[in-house]
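Structure record follows, encoded as structure tokens.
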Amino acid sequence: MKKYWEERATLNAAWYVDTTVDWDAPDMVRFFETGRRIVAEALDEVPPSVAPPLGRGLAVEIGSGLGRVCAALSERFDRVVGIDVAVGMVSRAHELVARPNVSFQVGDGTSLRPLADASADLVLSFTVFQHVLRPSVIEGYLAEAARVLRPGGLLVFQWNSTTGTTRWWLRRSLLDLLQRTGLSRQERDTNAAAFLGTTLSVARVRRSLGRVGLQLLDVRGAGTLFTWAWARAPGG
């Protein structure tokens, strides 16, 4: 997965972060404006059961890409840390988001280290978990979010909860095989397993959050590719 995203960062980083931009000439002003819209959906346009983060100290983004969401979060939080598995994404993000309260780190693909325990007011992830190959890795990130959140901290994330995990896995395996063998090659390699990712049911996500001590507050878009969830750390 890390190799795939390193290659995408070199090939066309903006398009692989947001496939709605123009391949040949991405509008980067519009690209960064979508970061504000994503943050507004995550923090402002929320279900009634969701209260905003208790603090405004540190926000963490899982899978920060070119930093569009981190840039938007920097207008709301004292400090923002973006973590991404691709060195190329992190390097470009440093160039594109030169703000004193924003930093980017290369992650190991499974954790949020070296972030300290109980240090973050918000952990956010958008269009990242849907590309992760194994459900256990997503669940590991949920556990890591629980570790780094302060009491009362908020986790907001988007993932793919379409039904039929086995059917999804079989389809992904077939498309990936056809892509790798060249029998049915998709020009931009979006049939690769590392792009298609995996699916998790809302019920499994609920159980995973409960095991790590996070309370699931609400879910929007259940059963779709763009499912949102809000969860809170106890206390605060």
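Could you check, for segment 34-54, whether at least one of its residues is within 24 Å of Arg188 (Cα to Cα) and in contact with a Leu (Cβ under 9 Å, 6 or more places away or on another chain)?
Among the residues of segment 34-54, at least one is within 24 Å of Arg188 (Cα to Cα) and in contact with a Leu (Cβ under 9 Å, 6 or more places away or on another chain), which makes the answer yes.
Considering only residues that are farther than 25 Å from Thr198 by Cβ and either exposed (fewer than 15 other Cβ atoms within 10 Å of the Cβ) or within 17 Å of the chain's Cα centre (by Cα) (or both), which ones fall in segment 1-34?
Residues satisfying the conditions are Asp22, Trp23, Asp24, Ala25, Asp27, Met28, Val29, Arg30, Phe31, Phe32, Glu33.
Between Gln158, Gln179, which is farther than 13 Å from Ala192 by Cα and among the polar types (S, T, N, Q)?
Unique residue meeting the criteria: Gln158.
Within segment 59-72, is even one residue touching a helix residue (DSSP H, G or I) at 6+ places or on another chain (Cβ under 6 Å), hydroxyl-bearing (Ser, Thr, Tyr) and either buried (at least 24 other Cβ atoms within 10 Å of the Cβ) or touching a residue at least 40 places away in the same chain (Cβ under 8 Å) (or both)?
Checked against the condition, which is being touching a helix residue (DSSP H, G or I) at 6+ places or on another chain (Cβ under 6 Å), hydroxyl-bearing (Ser, Thr, Tyr) and either buried (at least 24 other Cβ atoms within 10 Å of the Cβ) or touching a residue at least 40 places away in the same chain (Cβ under 8 Å) (or both), segment 59-72 yields at least one hit.
Across segment 83-101, which residue is surrounded by the most Cβ atoms within 10 Å (Cβ to Cβ) among those that are within 9 Å of Gly67 (Cα to Cα) and touching a helix residue (DSSP H, G or I) at 6+ places or on another chain (Cβ under 6 Å)?
For segment 83-101, the residue satisfying everything is Met89.
Pairs please, first residue from segment 219-236 and polar (S, T, N, Q) and in a strand (DSSP E or B), second anywhere and surrounded by fewer than 21 Cβ atoms within 10 Å (Cβ to Cβ) and at pLDDT 95 or above, Cβ atoms under 6 Å, 6+ apart in sequence or on different chains.
Pairs that qualify, where the first residue is polar (S, T, N, Q) and in a strand (DSSP E or B) and the partner is surrounded by fewer than 21 Cβ atoms within 10 Å (Cβ to Cβ) and at pLDDT 95 or above, are Thr227/Gly221.
Is it fair to say Gly107 is crowded, with 21+ Cβ neighbours inside 10 Å, at pLDDT 95 or above and not charged (D, E, K, R)?
Yes; evaluated as a whole, the condition is true for this residue.
Check segment 187-194 and report whether any residue there is surrounded by 15 or more Cβ atoms within 10 Å (Cβ to Cβ), without any contact (Cβ under 8 Å) to a residue 40 or more places away in the chain and among the hydrophobic types (A, V, I, L, M, F, W, C).
no
If you go through segment 27-34 one residue at a time, do you hit one that is of a type in the set (Ser, Thr, Tyr), at pLDDT 95 or above and either touching a strand residue (DSSP E or B) at 6+ places or on another chain (Cβ under 8 Å) or at negative phi (or both)?
Yes, because at least one residue in segment 27-34 is of a type in the set (Ser, Thr, Tyr), at pLDDT 95 or above and either touching a strand residue (DSSP E or B) at 6+ places or on another chain (Cβ under 8 Å) or at negative phi (or both).
Quick check: is even one residue across segment 52-59 farther than 28 Å from Arg30 by Cβ and either at pLDDT below 95 or among the β-branched types (Val, Ile, Thr) (or both)?
Looking for residues that are farther than 28 Å from Arg30 by Cβ and either at pLDDT below 95 or among the β-branched types (Val, Ile, Thr) (or both), one finds at least one in segment 52-59, hence yes.
Are there any strands (runs of 3 or more DSSP E) wholly within segment 46-119 with 3 or more residues that are more than 23 Å from Glu139 (Cβ to Cβ) and not acidic (Asp, Glu), and if so which?
102-106
The values are calculated or read from the model by the stated rules, or taken from the named source; none is laboratory data. Quick caveat: nothing in here was measured; it's all calculated off a predicted structure. Positions of Cβ are generated from backbone atoms using ideal geometry, with glycine treated the same way; all protein chains shown enter the neighbour counts.
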